[in-house]
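Here is the structure we will look at, set down as structure tokens.
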Amino acid sequence: MSVLRPFKASDMFKFNNINLDIWTETYGIGFYLSYLSRWPDLCCVQEAPTGRMMGYVLGKAEGSNAEWHGHVTALTVAPEYRRLSLARRMMALLEMVSDEIYKGFFVDLFVRCTNTVAIDMYEGLGYSVYRRVREYYGSLGIGKGGRDEEDAFDMRKPLSRDPNRRSVRPNGREMIVSAHDV
Amino acid sequence: MSTAALDRQIRPIYDALDTGSNKSAIVACNKLLKKHPKNELVKALKALALVRSQKVEESLVLCDEVLEEKPTSDAVLTAMMHVLRGLGRHNDMVTMFEEAYKQQPTNEELGVQTFFANVRANHWKSAQQIATRMHKQFQEDRYLYWSVISSVLQAKDASTPKTMRTILYKLAHRMITSSPTPPYLNADRFHLHLSILSELELFDEARKLLDSEVGRNICATSLSCNEVRRELWKRQGLVREEGERAEKLIKEKGDRNWLEFLAVLDATFDCLVISPTDVAPTTLEDAKKECATRVQETRVLFTRVAEEDGSKDRSGLLALLELEKRARDHGVSEEPTRLVDLMERYFNEIGDKVCCFEDLKPYTLLGSDEHCRWIAFLERVPSMFSSIDGLRRFINAYKFLRHSLTSSEITADTESARVALYAKKYMEALPLGSDLPTTELQPADDLVLLAGNTFISLWKLTEDDNNLFKAASLLEFALTKSKQSFLVRLMLIRVYRLLGAPSLALEHYRAMHVKQVQHDTLSHLILSRASTFSLAAMGDLTLATECLESTQIYLSNSQETGDFVVRAFTGEKYSQIPQFILFEDRLENSLQRDTVKVEHLRMRLTHEPITSDIIDMELIELKFIFDRTHHDNRDFDILPSYQPRISPNLNELTLLLGRPEGHGWLSTFLQVYIRAFQQSSDLDDTVEEKLLIGDRPKQTADYDRHLSLRERLCEQNEEYLKTLTSDELAFVHYARALADWLEPYHDYTRPPPAAVLAEAAKQTELKTGHPLKGIDIPPNGASHGQKKDEEPPAVRDPPELVVKHFEKLKMRFEEVQSKSPVDVLHVATLAQEAYLLFIIESLRFKPASVVKVNKLGGLVSSFKCIRTGAISVLKEISSELIKRADFEGTSEGPKCFIGLEELDPDFVLGLSKKVIDARKKVFEGVGKGLGRITATYAS
């Protein structure tokens, strides 16, 4: 039970309960405004009936030719609203818009290799690992999780324009590229 | 030299500018200007480098020279655009582009730039005219849409009279319907078209667009278009149709957007929403019957959804609750136990989710039987928990139980018992999360937050600071277990400020990594009434720096947001443009921004020598602020309040000094300082007008335009004054009395505008080597010491309020000794502020020559009395504070803090030392600062 609505510039005044969590970065206002000024239909918010923000997604459309796709830049849910399938609904919207409006071949996203909860969820939504990007999250340095902590999986899900599933591959976890190549 | 060669020489200037080496850019420009003294581009680039190195006056000269040439070259215009933006001269930018476009009317790029210049300056009317012209000339659709949205924005602009609005929307409508291409081409054009139709209530036309297949498709894929459609249908009263549409989506598409459920609910009760005047009793009965049937049908729908989804999605269950609640409100519910049945069911299904409490809260206002049943149900929730899910259920039950406490149940004893229980349960629950990585939040955190809330309630009931300390110790302990809990930190920040330990509050604030736009919404946590804790008087600028850092975001806003408005135009994202403008405005005119500005000013005056320079500069800034309508963007909802429904919430309970800061506080302090600065300053309006660089900010404040500034400064708003603490109120009364008393002498002594301007021109010329533009200096410039025709105003004795103020402060200071450290510091810093205000007000009468010429010897001698009295009081306060700081450090100090039994005594002792040190630091710092001020302004 939540309201799904477009992300608005003034939501930046309201997103503290989401963004004070350490896993969510707060960027300069230009970051949000640049997404909204180009792909407002790929940015949406889930809101409780009280008007409190629960989570949001920011996405974009990019790439050329067969690489033209929707990309999930940020997907986040406030700690108190986790485990309510909110991410699922926001992803569904983003996929629908990437498919029907942008006519992309697939949707992709990056996720920390250690984040098994998220990887499981994305796999459940039909995503699969396309490649492993080395040192994508370099800023943290090698922590407890070793390489897995700073490497990312690039996960993809084909859309209706790619009926033959050319944008995915079965052995993606073994395909390793460096962060410069993405 | 050939153009190519010149180009080659100019390139390094760009490189220097790009890398921020403004100095070398200036050197390179000077070299080139020797050979090409008339080159516009080099001049423009030099002006830019000068602006960027803060050499505003020199830049102005060059800037004006280039503007006079009416440049048309792309490079010059671009460079000048940056110069003018740096100087805040948006209006000149508009003129520059308009002139250029006039000279080259076929240059499309120039047209676009001219349009954008108007957009940046919010000149919607001219923007609309330019876009229309461009559409005619270049035949591009988007120019038509630019012109349409410009009209809409003009209609939305606060400065547009209401009567004009419809006309502007009609104009927009006429233009948009004249478009040769249909609006379906993209969602944003469609959105714009729909919003205009909605505004003009052209429902049939809107219907036609929406019912078309393309229209339907757009609404199905675009949330923002669907939002306008919803709004349109609602305005048209199509509640039932909307309900049917929503029902279909829920049933067939599995849509679980809560908005669809609300639409079904609204439709269910629509038959009861008839204006009461035309309803005979019988028809009301009929309507109720009809409604009861509908409620049945809707219940079937929601029940099916609830069964299908189970605990996967809570929409169905919550919709059933909302349905029952509304049925009750409308008197069509037949089943008295159903609401609690549903609540219990909801709790059973969703109780293991954190949001259960928030979801059910609106339904917990129950009749007494139901209330008992609900409480009994909650009390049966097992308090033994073996899993995290079980723990969450238990916590939710506790939250509801606390939320529904009645006033007789909230006493010091019961709250003590509760807090002990929460703390015990917290300790018991901790092991459940012991395996979680340190980056995760602990599932037991909410129990600590409940305990923290209860300690704070106890503190209010008992006025015993030890309760705050206990809260702090438990919360600090919780942070060792749950390192990332920002909710725990938020509560600690409030607690430490109340304990008079601001440096500890600041530590936690910094640990939250508040950045960017969050400064606007959250800096109140640390900066509200921060001058109470400021040690700036003795050179510790921690809080003053925090003020400045928190205001960076407003600079980013003014530099960046406009660019994105322009980008949204380029990308034709019309749905975003009004929202970007609103966002920009809310930040630009943020209440917190200007509250921090005033706090910073209060700190600054204790630190920097008070001179006419500071006074003039601050005066101009404060006057701009005074003309603004402020938006309150502060986030208080973020504080985790688990207080009983009937009690004040956590924010209200933990406000520093028990009073909220807000519009009233800001406005009152602005009045005080503007009035004092205005009296002390030589700048009157005519002088200010000539010396001002950049555009005057828009006056957005809503006030009676017949009033003069002086009248507005003297206005007393009782509502506003009520928001001040009693000590602040006394300060304001003192400030008023002081200003009223000294006004005639200031007015008599202040040099005439011509003399002030002459002096300013002289200074500028000394500094830049160029005369000040637009100012004619009379040959025999009037000087300070000139003879006046009229006699000086008779010297009157100072008013009682001024004379007695410091004595009263001394008494008040003794009175608050027994109270919290914050009260002590509040009185002390306000005493200091009162004295500094007196210094500001008497600054003009310092030079002996001024006193002599204006025959104000009598006045000045009464200053001496006030000063001596004030200084002796301040010195006493200062030494008392230092004494108190020493006392805090002695063995008698720490005794007052007793921690919780559950915690390690060493941990508690360590914390109590930290709190005491922090208190000691602030007492000592404020005390010494006061001492320093009495020395600086001893005579």
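Look at (1) closer than 19 Å to A:Gly55 by Cα; (2) touching a residue at least 40 places away in the same chain (Cβ under 8 Å); (3) surrounded by 20 or more Cβ atoms within 10 Å (Cβ to Cβ) and you find that A:Val72 fails only one, number (2).
If I ask for residues that are assigned to a helix (DSSP H, G or I) and touching a Ser or Thr at 6+ places or on another chain (Cβ under 8 Å), which ones from the range B:836-859 would you list?
Passing the criteria: B:Leu836, B:Ile840, B:Glu841, B:Leu843, B:Arg844, B:Phe845, B:Val850.
The residues listed here are A:Val77, A:Val97; of these, the one that is among the β-branched types (Val, Ile, Thr), at the interface with chain B (Cβ under 7 Å from one of its Cβ atoms), touching a helix residue (DSSP H, G or I) at 6+ places or on another chain (Cβ under 9 Å) and in contact (Cβ under 8 Å) with a residue 24 or more places away in the chain is A:Val97. One residue stands out among those in the range A:60-69 that are touching a residue at least 40 places away in the same chain (Cβ under 8 Å) and surrounded by 17 or more Cβ atoms within 10 Å (Cβ to Cβ): the one that is nearest to the other protein chains (Cβ to nearest Cβ), which is A:Ala61. Considering each residue of the range B:642-657 in turn, none proves to be crowded, with 16+ Cβ neighbours inside 10 Å and closer than 29 Å to B:Ile620 by Cβ.
Being among the hydroxyl-bearing types (Ser, Thr, Tyr) and either within 14 Å of chain A (Cβ to nearest Cβ) or without any contact (Cβ under 8 Å) to a residue 12 or more places away in the chain (or both) is the filter here, so list the residues in the range B:180-231 that pass it. Before the answer, list the steps.
Here is the first cut: in the range B:180-231, the residues among the hydroxyl-bearing types (Ser, Thr, Tyr) are B:181, B:184, B:195, B:198, B:212, B:221-222, B:224.
If the condition is that a residue be among the hydroxyl-bearing types (Ser, Thr, Tyr) and either within 14 Å of chain A (Cβ to nearest Cβ) or without any contact (Cβ under 8 Å) to a residue 12 or more places away in the chain (or both), then B:Tyr184, B:Ser195, B:Thr221, B:Ser222, B:Ser224 are the ones that fit.
Within the set B:Gln592, B:Gln579, the sole residue that is facing another protein chain (nearest Cβ under 9 Å), part of a helix (DSSP H, G or I) and either β-branched (Val, Ile, Thr) or in contact with a helix residue (DSSP H, G or I) (Cβ under 6 Å, 6 or more places away or on another chain) (or both) turns out to be B:Gln579.
Rundown of residues vs (1) in contact with a Gly (Cβ under 7 Å, 6 or more places away or on another chain); (2) in the same structural domain as B:Asp613 (by TED's automatic domain parsing); (3) of a type in the set (D, E, K, R), yes/no style:
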{"residue": "B:Gln832", "(1), (2), (3)": "no, no, no"}
{"residue": "B:Leu836", "(1), (2), (3)": "no, no, no"}
{"residue": "B:Val853", "(1), (2), (3)": "yes, no, no"}
{"residue": "B:Lys864", "(1), (2), (3)": "no, no, yes"}
{"residue": "B:Gly869", "(1), (2), (3)": "no, no, no"}
{"residue": "B:Leu874", "(1), (2), (3)": "no, no, no"}
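Residues of the range B:889-908 that are assigned to a loop (DSSP other than H, G, I, E, B), exposed (fewer than 13 other Cβ atoms within 10 Å of the Cβ) and modelled with pLDDT of 85 or more: B:Asp904 alone.
Of the residues contained in the range B:711-726, one or more are found to be assigned by TED's automatic domain parsing to the domain that holds B:Gly662, of a type in the set (Asp, Glu), surrounded by 12 or more Cβ atoms within 10 Å (Cβ to Cβ) and closer than 30 Å to B:His805 by Cα. Tallying residues that are facing chain B (nearest Cβ under 8 Å) and of a type in the set (Val, Ile, Thr) within the range A:1-21 yields 1. Here is the figure for the range B:686-710: residues that are surrounded by 12 or more Cβ atoms within 10 Å (Cβ to Cβ) and of a type in the set (Gly, Ala, Ser) total 2. For B:Gln103, the requirement of being in contact with a helix residue (DSSP H, G or I) (Cβ under 6 Å, 6 or more places away or on another chain) and either under 30 Å from B:Val152 (Cβ atoms) or not hydrophobic (A, V, I, L, M, F, W, C) (or both) is not met.
Being of a type in the set (Asp, Glu), away from every other protein chain (no Cβ under 13 Å) and more than 15 Å from the chain's Cα centre (by Cα) is a condition met by no residue of the range B:560-571. When B:Thr521, B:Thr462 are checked against the criterion of being within 14 Å of chain A (Cβ to nearest Cβ) and on the phi < 0 side of the Ramachandran plot, B:Thr521 stands alone in meeting it. For the range B:615-640, the set of residues classified as within 13 Å of chain A (Cβ to nearest Cβ) and either at pLDDT below 95 or assigned to a loop (DSSP other than H, G, I, E, B) (or both) consists of B:Asp632, B:Asn633, B:Arg634, B:Asp635, B:Phe636, B:Asp637, B:Ile638, B:Leu639, B:Pro640, listed by residue number. For B:Arg567, the criteria (1) part of a helix (DSSP H, G or I); (2) surrounded by 22 or more Cβ atoms within 10 Å (Cβ to Cβ); (3) free of Cβ contacts under 8 Å to residues at least 12 places away in the same chain hold in every case but one, which is (2). Could you check, for the range A:76-99, whether at least one of its residues is over 10 Å from A:Lys157 (Cβ atoms) and in a strand (DSSP E or B)? The answer is yes, given that some residue of the range A:76-99 is over 10 Å from A:Lys157 (Cβ atoms) and in a strand (DSSP E or B).
For B:Asp188, the conditions (1) farther than 22 Å from B:Gly111 by Cα; (2) surrounded by fewer than 22 Cβ atoms within 10 Å (Cβ to Cβ); (3) charged (D, E, K, R) are fulfilled apart from (2).
Working only within the range A:1-21, note down all residues that are in a loop (DSSP other than H, G, I, E, B), charged (D, E, K, R) and at pLDDT 95 or above.
A:Lys8, A:Lys14
Looking at B:Leu461, B:Leu468, just one residue is surrounded by fewer than 21 Cβ atoms within 10 Å (Cβ to Cβ), over 26 Å from the mean Cα position of the chain (by Cα) and not assigned by TED's automatic domain parsing to the domain that holds B:Thr668, and that residue is B:Leu461.
Given the range B:316-428, what helices (runs of 4 or more DSSP H) lie entirely inside it while holding 1 or more residues that are among the β-branched types (Val, Ile, Thr) and away from every other protein chain (no Cβ under 14 Å)? Correct list: B:338-350, B:368-379.
Filtering the range A:22-47 down to residues that are more than 7 Å from chain B (Cβ to nearest Cβ) and modelled with pLDDT under 95, which residue is surrounded by the most Cβ atoms within 10 Å (Cβ to Cβ)?
So the residue we want is A:Thr24.
Looking only at the range B:140-166, residues that are surrounded by fewer than 21 Cβ atoms within 10 Å (Cβ to Cβ) and closer than 30 Å to B:Asp627 by Cα come to 11 in all. All of (1) farther than 24 Å from B:Val214 by Cα; (2) not in a helix (DSSP H, G or I) hold for B:Ile130 with one exception: (2).
Hey, any hits in the range B:763-783 for a residue that's of a type in the set (Ser, Thr, Tyr), at pLDDT below 80 and surrounded by 14 or more Cβ atoms within 10 Å (Cβ to Cβ)? Yes, there is a match, as at least one residue in the range B:763-783 is of a type in the set (Ser, Thr, Tyr), at pLDDT below 80 and surrounded by 14 or more Cβ atoms within 10 Å (Cβ to Cβ). Taken over the range A:102-132, the residue count meeting the criterion of being within 13 Å of chain B (Cβ to nearest Cβ), surrounded by 19 or more Cβ atoms within 10 Å (Cβ to Cβ) and modelled with pLDDT of 95 or more is 1.
The values are calculated or read from the model by the stated rules, or taken from the named source; none is laboratory data. Worth saying up front: this structure is predicted, and the values here are computed from it rather than measured. We place every Cβ from the backbone using ideal geometry, glycine too, and count neighbours over all the protein chains shown.
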